[in-house]
Each structure stands twice: as structure tokens, then as C-alpha cells.
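This report refers to the structure that appears directly beneath it.
The values are calculated or read from the model by the stated rules, or taken from the named source; none is laboratory data. Because the structure is a prediction, the values reported are computed rather than measured. Neighbour counts run over all protein chains shown; Cβ positions are idealised from the backbone, glycine included. Side chains included, ligands, DNA and RNA excluded: accessible areas come from the protein's heavy atoms. Shrake-Rupley method; radii C 1.70, N 1.55, O 1.52, S 1.80 Å.
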Amino acid sequence: MVPVSIEKFATLHMKHNPKESKKNLIESLEAAVSAKENGACCGQCGQPIWAVGTAIAGWNSCFTCLTGEADHSDDYEIDQVC
Ligand SMILES: [Zn+2]
């Protein structure tokens with residue numbers, strides 16, 4: 001995964017989703033990062049969660065369950081938990 005800071009990811013996400021609240025997104029990202037640091041697992045398969053996906057989807061999810069893809073080399077993850 002490509003490490004990115006919460007602030008940078010939020011800025012990128014807002015470019016594509018200008019109607020969403022950046023403040024809410026940052027709060028969700030911070031919550032997902034702490035959940036991952038505390039060992040949260042995917043609600044479907046039990047793998048470690050993907051903090052970015054969890055923040056956006058709103059449930060504890062790993063990359064594969066959320067996207068249906070196995071290759072996450074081009075996708076972002078928050079640097080603290082990457
Ligand atoms: Zn999963």
C-alpha cells in the first residue's frame with residue numbers, strides 16, 4: 001500500500017468528493033487508525049482492517065472484502081498504520 005497522512009488523504013478524497021465534510025472524514029480516519037492500532041479485524045474475514053476503507057465504508061473492513069480485489073499495491077493506507 002502507498003502510505004499517506006490523514007491530512008493528505010482527506011485533501012485528495014475531497015477533490016473527488018467535494019460535497020462531503022472534510023472534518024467528518026478526518027474524524028472517521030482517526031477513529032479507523034486507532035481501531036487498527038488496537039488490532040481491529042475485518043467484520044467479514046478477520047484480516048486486519050484497511051483504515052482508509054473502514055473510514056469511508058463505516059464498518060471494519062479489509063481491502064479485499066471492501067474492493068473485491070487482492071492487489072492493493074496502488075491504494076492508499078494511512079502512514080501510521082501502513
Ligand atoms: Zn475481510
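May I ask you to give the solvent-accessible area per residue for the chain, in square angstrom, as obtained with a 1.4 angstrom probe?
Details: 4840 Å² over 82 residues.
Counting only protein heavy atoms, the per-residue value for the chain is 59 Å².
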* Ranked highest first by the average count of other Cβ atoms within 10 Å around their residues, in what order do 7-14, 26-33 fall? -> 26-33, 7-14
* Asked: Between Lys15 and Ala70, how many nm apart are label points set 7 Å from Cα along the C-beta direction?
  -> 3.1
* Quick one: which residues, 5+ away or cross-chain, put their amide H under 5 Å from the amide H of Glu77? H built at 1.01 Å from N. => Val2, Val4
* To do: Read phi for every residue in the range 10-15 and hand back ³J(HN,Hα) as whole Hz from Karplus 6.51 cos²θ - 1.76 cosθ + 1.60, θ = phi - 60°, with x for Gly and Pro.
  => 4, 5, 5, 4, 5, 4
* Structure fact -> Interchain or sequence-distant (5+) residues whose placed amide H lies within less than 5 Å of the amide H of His72 are none
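Which percent of the accessible heavy-atom area of the range 2-81 goes to carbon and sulfur, probe 1.4 angstrom? Each step should come with its number before you reach the end.
Numbers: 2340 of 4690 Å².
Its accessible area is 50 percent carbon and sulfur atoms.
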* Structure fact -> Rounded to two decimals, the Rg over Rh value of the range 42-82 from Cα coordinates and the Kirkwood Rh reads 0.92
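For the chain, what is one quarter of the convex hull surface built on the Cα atoms, given in nm²?
Numbers: hull surface 19.3 nm².
That works out to 4.8 nm².
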